[in-house]
Structures are given as structure tokens and as C-alpha cells.
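Worksheet: the structure to be examined is printed underneath.
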Amino acid sequence: MKILVINGPNINMLGIREPEIYGKGTYRDLISVVESAAARLGVTAAFFQSNHEGAIVDVIQEAYGNYDGIVINPAAYTHTSVAILDALKSVGIPTVEVHISDVSEREDFRQVSYVRTACIKTIMGEGFAGYIHAMEVLCEERKEEED
Ligand code: CA2
């Protein structure tokens, strides 16, 4: 099973500021946590991070026919991007939305998620472990599809 892990704007800055919200880990740390979990789960994980909405749309489109699942933290674009929602809908790849922080406990503008309706599940407030949880959900989903 091939999973594409997509991270949106400023996720490359993790660990630099606001450790009380996002923890002390860096984007590199996130990749190594997810890579270890992927090996344990027997899946292949590929990573993409961009600060640009169109680049995220492009990588979602390119995933069509190449990946079995997507884990996405669209970061700030969660709350604004119909383009990312439409891209996810257009490829129809099982997708899990992840947020490191518990967005439900934060500002009003973070309560809207445009991408959510294209996702089989949303995970929030679990820190980096949320990405592992998301891969587990995708593995379960695939097992159910096979049965
Ligand atoms: O909790 C999450 O994972 C978020 O998707 C992270 C986004 C935020 O806009 C979403 O509402 C929730 C922010 C990404 C990282 O932003 C940083 C801010 C300060 C220092 C380092 C990174």
C-alpha cells in the first residue's frame, strides 16, 4: 500500500515557534516518526510539503493511479481552500485529514474545514501521532475494501 503524506503551509517551520501548540518536533522529526510507523505497518510513505495551494492541487492530481491513500494536513488551507477540496474529490483516493493541534478548541476561523467532506476521517489534537493514526485508518479501510 502506497500512502502520500501531504503537509501544507508553514509545517516546514514546526519546532521553531509555538511549541505549546504544535510541540517541539521539527518537520524532519515528523518525517522520521511517520517513516518508522509506515515500516511497522508494512506500507510505503512518500512525503510532500508546500506553502503553495496550486502545488498541493498538482500533487493530489498526480497521486491519481499512483497512491492508495492520502494523509493530508492542509494547515491554513484547511480553512480556505475549495481548490484542495475539489482536487481530493476529483481523484477519489481514500484520504484522512490530520491536524497536530486540536483545532476544535482554537479560534473561530479554524472551525471551518473545506477539505473535511472529501475525507473518510478527521484526526486532531494527537500531535505527530495523529499521522500514524491516519495511516492506521487507511490500512483498516483497505482491509474492509478487500473483504
Ligand atoms: O494543527 C494543525 O495541524 C494545523 O493544521 C496547523 C496549521 C494551522 O493553520 C491550522 O489551523 C491547524 C499551522 C501550521 C504550522 O504553523 C506554524 C506556526 C508557528 C510556528 C510553526 C509552524
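The values are calculated or read from the model by the stated rules, or taken from the named source; none is laboratory data. Quick caveat: nothing in here was measured; it's all calculated off a predicted structure. Neighbour counts run over all protein chains shown; Cβ positions are idealised from the backbone, glycine included. Just so you know, the surface numbers come from the protein's heavy atoms only, side chains and all, with ligands and any DNA or RNA stripped out. Shrake-Rupley method; radii C 1.70, N 1.55, O 1.52, S 1.80 Å.
Our estimate of slack between K121 and K2, defined as 0.36 nm per intervening residue step minus the Cα-Cα distance, is 41.0 nm.
For region 34-95, the solvent-accessible area works out to 44 Å² per residue, with a probe of 1.4 Å and every protein chain left in place. Shown is the FRET efficiency for K89 and R28, computed with R0 = 25 Å from the Cβ-Cβ distance and rounded to the nearest 0.05: 0.20.
Kindly identify region 24-132 as rounded, prolate or oblate by the Cα gyration tensor criterion: order the square roots of the eigenvalues as a ≥ b ≥ c, call it rounded if a/c is under 1.5, otherwise compare a/b with b/c, prolate if a/b is larger, else oblate. Oblate is the answer for region 24-132, as a/c is 1.5 or above yet b/c matches or exceeds a/b. At the residue level, E105 shows approximately 140 square angstrom of accessible surface with a 1.4 angstrom probe and all protein chains present.
With both labels modelled 7 Å from their Cα along Cα-to-Cβ, the F109 to N51 distance reads 1.8 nm. A full extension of the chain between E35 and R17 corresponds to an added length of 4.1 nm, given 0.36 nm per residue minus the alpha carbon distance.
Over region 85-147, Cα pairs under 8 Å with separation of 6+ residues give a relative contact order of 39 percent. Quick one: grab the alpha carbon gyration tensor of region 1-67, order the square roots of its eigenvalues as a ≥ b ≥ c, and give me rounded if a/c is under 1.5, else prolate or oblate depending on whether a/b is larger than b/c. Taking the square roots of the gyration eigenvalues as a ≥ b ≥ c, region 1-67 is oblate. Computed over protein heavy atoms with a 1.4 Å probe, the carbon and sulfur contribution to the accessible area of the chain reaches 48%. Proximity of backbone amide H atoms, modeled 1.01 Å from N, is registered between V98 and I72, N73, I123 at under 5 Å, excluding neighbours fewer than 5 places apart on the same chain. Think of it as helices only: each DSSP H run of n ≥ 4 in the chain is worth -39500 (n - 2.57), and spread over all residues that comes to -12000 deg cm²/dmol at 222 nm. Here the alpha carbons of region 76-147 define both size measures, Rg and Dmax, at 12.8, 41 Å.
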